[in-house]
Amino acid sequence: MNNTIVKMQDVKKVYHQDSVSEHALRGLNLEVCAGEFTAICGPSGSGKTTALNIIGALDTPTKGIIEVEGKDLADLSKTELARMRLNRIGFIFQAYNLIPVLSAFENAEFVLMLRGIPVKERKEKVRAMLEKVGMADMGDRRPDQLSGGQQQRVAIARAVVAEPALVLADEPTANVDSKTADSLLDLMERLNKERDVTFLFSTHDHRVMDRAARVVTLTDGTITEDIRR
Amino acid sequence: MKTWSMAFRNILRAKRRSMITILAMAVALGIMVVYTGLMDGMIGDMKKNAVMLEMGHVQIHAEGYRESPSIYKRIQAPDELVERLAKAGYTASYRLFASGLAARGNSSAGVFLRGVAPDMEAETMRLPHHLLAGKWLNKNDPKDIVLGKRLAKTLSASLGDEIVIVSQASDGSIANDLYRVDGILKSISEEVDRAGLFMTIDAFRDLMVVTQGAHEIVITLPEDADLNAAASTITNMAQGLEVSTWRQLNPALAQMIDAADAFLLPLVIITYIAVAIVILNAMLMAVFERIREYGVMKALGVNPYEVFFLVLTETIIMTTAAAVLGLGFGVPLAFYLETHGINLAPFTEGTTISGVALDLIWHSMVSARTILIPLVTLYVLTVIATIYPAAKAAYLNPVDAIHHH
Amino acid sequence: MIARMAWRNLWRNRRRTIITLVSIAFGFLLAITFTSLSDGSYGQMIDTAARMGTGHVTIEPQGYRDKPGPDLVVRDTGQLADKVRAMPGIENATIRIVGQAMAATSADSTGAGIIALDPESEQGVFFLLNHVVEGQQLASREEKKVIIGSGMARCLDLNLGKKLVLTTTDKTGEIVSGLVRVAGIFSTGVDEADKYIIIVPIDYMRKLLGYSKNEATQVAVYLNDRRDAEEKSHTLAPLAAAYDGTALPWSVMMPDVAGLILMDSIGNYFFQVFIFLLVGAGILNTVLMGVMERLREFGIMLAVGMSPGKLWRMIMTETFWLAVVGLLVSSVLSVPVYWYLHKYGIDTSAWLGNDQVYGGVLFDPLMKAEFYLDHAILIFGGVFILILAAGLYPAFLAARTRPVETIKIL
């Protein structure tokens, strides 16, 4: 395997709540390379969202090492972590991804705006991206005027237009019907191949698992299966 | 009761907002309580000062004296009248008045001479106890005089100084004599401060050649006596003489005291409008947060009145919590200010309102209304503010509400 | 774009924002009303007091405050008054002799305060001369005629043309008397004036007291702007000193009025601050709720890479917009309110009557508003800072959001 984007070494995560400890991850060892289209799956409570949060620098492991693009996240300060999320990682969530007061175009523009990319350049990029995701003529609409599927397309556009090294998608198809799920997955597959963006899903949707090139199964906080196709 | 426990839980669910709302109400209430106490105290003190220092509750004059005062218009046999009044339970004192010129060194001032019986005056009025320096008159020292605060300053007189008094005696001759300053008064009233010069009755009679009679009899009543009833009783006893109450003597002061509430109420209401806006907003937010819940309740058969009262109960619980907090800090503070007061001396040398001096220490006066007025007004306004949100919750369409985003 | 987002966020919940704007306008209008009415009232009281007595600034002999007496004088007052009038900001300066005397008729006597002046130059300046209700004004500076108050006329049973004797001590301390006639009677409704003050021609008084032609007890200085009194008293001090005088502002000359105004102002100030705090609590609630509702949104924004600092700034920008709109709406609303209060005022005579005397000055029950720029700026700034301050805690909470926790909220 060339370029390792994500490397988790014996990652453990424990939650404490009212003197009850919950072991979400019990020693996870995982390596993801550039360009992968991988799904982490498992039943609810298996720890997949936790794993994604840790990879996305949103959460820290209780024990173990997490490296993204070769950097140990434990060495980075909060500001540096935020910058990493801004520049190197894209996020797609299950629902309510978009900021309600911004139009679809402005939502897709959001990350580029945070990065400080000049207006003309980012408007061009976003226009092109929205075309790619099939939302070119709905740029002015607000999220409450878009269907669930359309919102997810915009979310995908936002995540990818910033040219991150890694896109983390947490149950992106959970709230949409089959046809929409299919077209979303088509889109993401295409982006994965054309732009060489690594996609890491957390899902229990079979449609996603069927499309993924690699399926990692988590049960009770550890990897029980790791199948490549 | 179910409504109460639901209301309680609702309040606890939005802890921060409830706390801010309750705190705002509590602070408003506490301050209103203290303020009411201070206002009542100021007005009460003003009335007390006006009446007890110098004016008395009721005054008796010879007929026509008030209209145009003259040294010749006197009450005959004042001692006897005072005795009769005393038997009827009224404390009284009589006084003699004249004008003159007082001089010390190069300074002179027009003065209002007041001849009083030292003991009788001390029993009836508070003025003799309101001394800035020195002591009050003594029957056995007729050459001793007591000056008003400003008069002493105008004459640059201090204790022990000699003052010349020049006047026109009642028999037309020039009255001229030397006296010694024995005491200087605190601020009493505009007139006394500026021109008041007190001497014993004997000294006055000597100087002004007024061998009998008095110009004014002043009567003080016990604290809660009925002014008008006393006035009519006294009028019966003082046939042929003019009897006036302090209200007739200083109508401006009476009007101001009566109007005191007119000052207080607008301020209380304005404060509570500000509070009402806070409540309105808070309850609106609360209702909209739980709009689906209310929809479900109504769909399950809870009738609108109950929903209305549920929202109202929330407000009442919060107001009560605020009442406990607010009264908890406001009432002790008001009581503290009753005994200790606010010291105004660093800010002002004193001032007069309607001619009556304001105390330099501002005391509050705590009574039932100190608590009741702010408290009742608070409840009234918060309940009014809740009507709109409660009505909204009660009358919304359940289906719409449940599907509310 | 953050500014744009903040603006749009402000209007997400229109009803809530409007209620908040109403409460801001309420606080603002209250402050404007109270402040401008009080300013108007105080100004009127000060002007009345100045015109009834000793001007906005008074030049009197050195040492007179501590030991008032006819032996202390300001010299060459004619020249001094001319010089004062030539200075900027001065409306007028008049020369007076003041003192105490006994006024007596054959029947009775009473103490009196003498104000001796130049009738010609004081027409329209001296308050009491505007309130002469019977008889005429004084004609010359040395005639043996006086104007007395209606209270004194009653007490001494005096009418126009009747005689009275003024007795006082002169410059050397000797007791002197003069016989005068009543030329006119004034009435103000204030007992302290009506029963007590006698207006005398100044040169006659000079003769009676043994003063030389230009000596006097005080020069009453009237200013264009009464608020300059303190400052002008310092400016005039060296000039006054050259003539054996000191310059004192009205607050020193009339401590009762000053004391009353101070007490009232402090009370007013506390009350307004208190109302502001209540309004602030309401705003805090509103902004706080607006933040708590959006925690998931904030989580997502932070997750995709927005820094907490930027998020903090966004909330504060929302608060900033609230302040701007709030102040705009309040200012627009306050214009008609102020105009009405300025033109028509509030008539308190219904419950206070027409005879209230505060600190020795007759209080005009018709309270009219007066606008002072520095007070307006204070209120503006105060409201602005209040609103921004109300945003601090919610902004802090927003920035502290942990995406992991809030994104899960459905």
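The values are calculated or read from the model by the stated rules, or taken from the named source; none is laboratory data. No experiment lies behind these values; they were computed from the predicted model shown. Virtual Cβ from ideal backbone geometry, glycine too; neighbours counted across all protein chains shown.
What the table shows:
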| quantity | calculated |
| --- | --- |
| Restricting the range C:91-115 to residues that are at the interface with chain B (Cβ under 7 Å from one of its Cβ atoms) and farther than 24 Å from C:Q218 by Cβ, the residue that is modelled with the highest pLDDT | C:A104 |
| Residue that is crowded, with 17+ Cβ neighbours inside 10 Å and either under 30 Å from C:A350 (Cβ atoms) or not assigned by TED's automatic domain parsing to the domain that holds B:V33 (or both), where the choices are B:A282, B:A260 | B:A260 |
| Evaluation of B:D202 against (1) in the same structural domain as B:D79 (by TED's automatic domain parsing); (2) crowded, with 17+ Cβ neighbours inside 10 Å (one fails), failing number | (2) |
| When residues of the range B:263-279 are limited to those that are more than 7 Å from chain C (Cβ to nearest Cβ) and not aliphatic (A, V, I, L, M), the one surrounded by the most Cβ atoms within 10 Å (Cβ to Cβ) | B:Y272 |
| Residue, farthest from B:P118 (Cα to Cα), within the range B:182-201, restricted to residues that are in a strand (DSSP E or B) and in contact with a helix residue (DSSP H, G or I) (Cβ under 7 Å, 6 or more places away or on another chain) | B:S189 |
| Number of positions in the range C:387-402 that are in contact with a Gly (Cβ under 9 Å, 6 or more places away or on another chain) and assigned to a loop (DSSP other than H, G, I, E, B) | 2 |
| Answer residue from the range C:134-172, given it is of a type in the set (G, A, S) and part of a strand (DSSP E or B) and is surrounded by the fewest Cβ atoms within 10 Å (Cβ to Cβ) among those | C:G135 |
| Residue in the range B:339-346 that is assigned to a helix (DSSP H, G or I) and either farther than 30 Å from B:Y294 by Cα or of a type in the set (G, A, S) (or both) present | yes |
| The range A:174-204, residues that are touching a Leu at 6+ places or on another chain (Cβ under 6 Å) and of a type outside the set (A, V, I, L, M) | A:T198, A:S202 |
| The range B:152-162 - residue that is within 32 Å of the chain's Cα centre (by Cα) and at pLDDT below 90 and, of those, nearest to the other protein chains (Cβ to nearest Cβ) | B:T154 |
| Residue ID - surrounded by the fewest Cβ atoms within 10 Å (Cβ to Cβ), chosen from residues in the range B:303-336 that are of a type in the set (F, W, Y) and within 28 Å of B:A394 (Cβ to Cβ) | B:Y305 |
| Cβ pairs under 7 Å, 6+ apart, first in the range C:167-189 and on the phi > 0 side of the Ramachandran plot, second outside any loop (DSSP other than H, G, I, E, B) and not small (G, A, S) | C:G189/C:L362 |
| Given (1) in contact with a Gly (Cβ under 8 Å, 6 or more places away or on another chain); (2) not assigned by TED's automatic domain parsing to the domain that holds B:A322, number of the condition B:I277 does not satisfy | (2) |
| Meets criteria (of a type in the set (G, A, S), outside the structural domain of C:T246 (by TED's automatic domain parsing), over 22 Å from C:S233 (Cα atoms) and buried (at least 22 other Cβ atoms within 10 Å of the Cβ)) for C:S109 | no |
| Any hit, the range B:113-130, residues being at pLDDT 90 or above and within 14 Å of another protein chain (Cβ to nearest Cβ) | yes |
| Residues located in the range C:344-384, provided they are more than 14 Å from every other protein chain (Cβ to nearest Cβ) and assigned to a strand (DSSP E or B) | C:L366 |
| Meets criteria (in a loop (DSSP other than H, G, I, E, B) and of a type outside the set (A, V, I, L, M)) for B:G330 | no |
| Qualifying residues in the range C:347-369 (those that are aliphatic (A, V, I, L, M) and touching a residue at least 60 places away in the same chain (Cβ under 8 Å)) - the one surrounded by the fewest Cβ atoms within 10 Å (Cβ to Cβ) | C:M367 |
| Helices (runs of 4 or more DSSP H) contained in the range C:189-302 and holding at least 3 residues under 31 Å from the mean Cα position of the chain (by Cα) | C:191-194, C:229-241, C:250-253, C:255-292 |
| Long-range neighbours under 8 Å by Cβ, at least six apart or interchain, first residue touching a residue at least 24 places away in the same chain (Cβ under 8 Å) and over 16 Å from C:A86 (Cα atoms) within the range C:222-242, second surrounded by 19 or more Cβ atoms within 10 Å (Cβ to Cβ) and of a type in the set (D, E) | none |
| Residue satisfying all of: in the range B:179-214; touching a residue at least 12 places away in the same chain (Cβ under 8 Å) and polar (S, T, N, Q); farthest from the other protein chains (Cβ to nearest Cβ) among these | B:T200 |
| Residue in the range B:372-390 that is in contact with a helix residue (DSSP H, G or I) (Cβ under 8 Å, 6 or more places away or on another chain), surrounded by fewer than 21 Cβ atoms within 10 Å (Cβ to Cβ), part of a loop (DSSP other than H, G, I, E, B) and more than 13 Å from chain C (Cβ to nearest Cβ) present | no |
| Considering residues of the range A:47-91 that are of a type in the set (D, E) and without any contact (Cβ under 8 Å) to a residue 24 or more places away in the chain only, the residue nearest to the other protein chains (Cβ to nearest Cβ) | A:E80 |
| The range B:285-302, residues that are surrounded by fewer than 22 Cβ atoms within 10 Å (Cβ to Cβ) and aromatic (F, W, Y) | B:F288 |
| Residue list for the range B:148-181, restricted to those being touching a Lys or Arg at 6+ places or on another chain (Cβ under 6 Å), buried (at least 17 other Cβ atoms within 10 Å of the Cβ) and assigned to a strand (DSSP E or B) | B:I163, B:Y179 |
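Quick grid of which residues meet (1) modelled with pLDDT of 90 or more; (2) over 30 Å from B:S167 (Cα atoms); (3) in the same structural domain as B:M297 (by TED's automatic domain parsing); (4) in a strand (DSSP E or B):
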{"position": "B:L12", "(1), (2), (3), (4)": "no, yes, yes, no"}
{"position": "B:R17", "(1), (2), (3), (4)": "no, yes, yes, no"}
{"position": "B:I22", "(1), (2), (3), (4)": "yes, yes, yes, no"}
{"position": "B:M25", "(1), (2), (3), (4)": "yes, yes, yes, no"}
{"position": "B:L38", "(1), (2), (3), (4)": "no, yes, yes, no"}
{"position": "B:M42", "(1), (2), (3), (4)": "no, yes, yes, no"}
{"position": "B:M46", "(1), (2), (3), (4)": "no, yes, yes, no"}
{"position": "B:S70", "(1), (2), (3), (4)": "no, no, no, no"}
{"position": "B:A92", "(1), (2), (3), (4)": "yes, no, no, yes"}
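Yes/no per residue for (1) among the acidic types (D, E); (2) within 14 Å of chain B (Cβ to nearest Cβ):
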position: C:T167; (1), (2): no, yes
position: C:G178; (1), (2): no, yes
position: C:G184; (1), (2): no, no
position: C:D203; (1), (2): yes, no
position: C:K213; (1), (2): no, no
position: C:T217; (1), (2): no, yes
position: C:N224; (1), (2): no, no
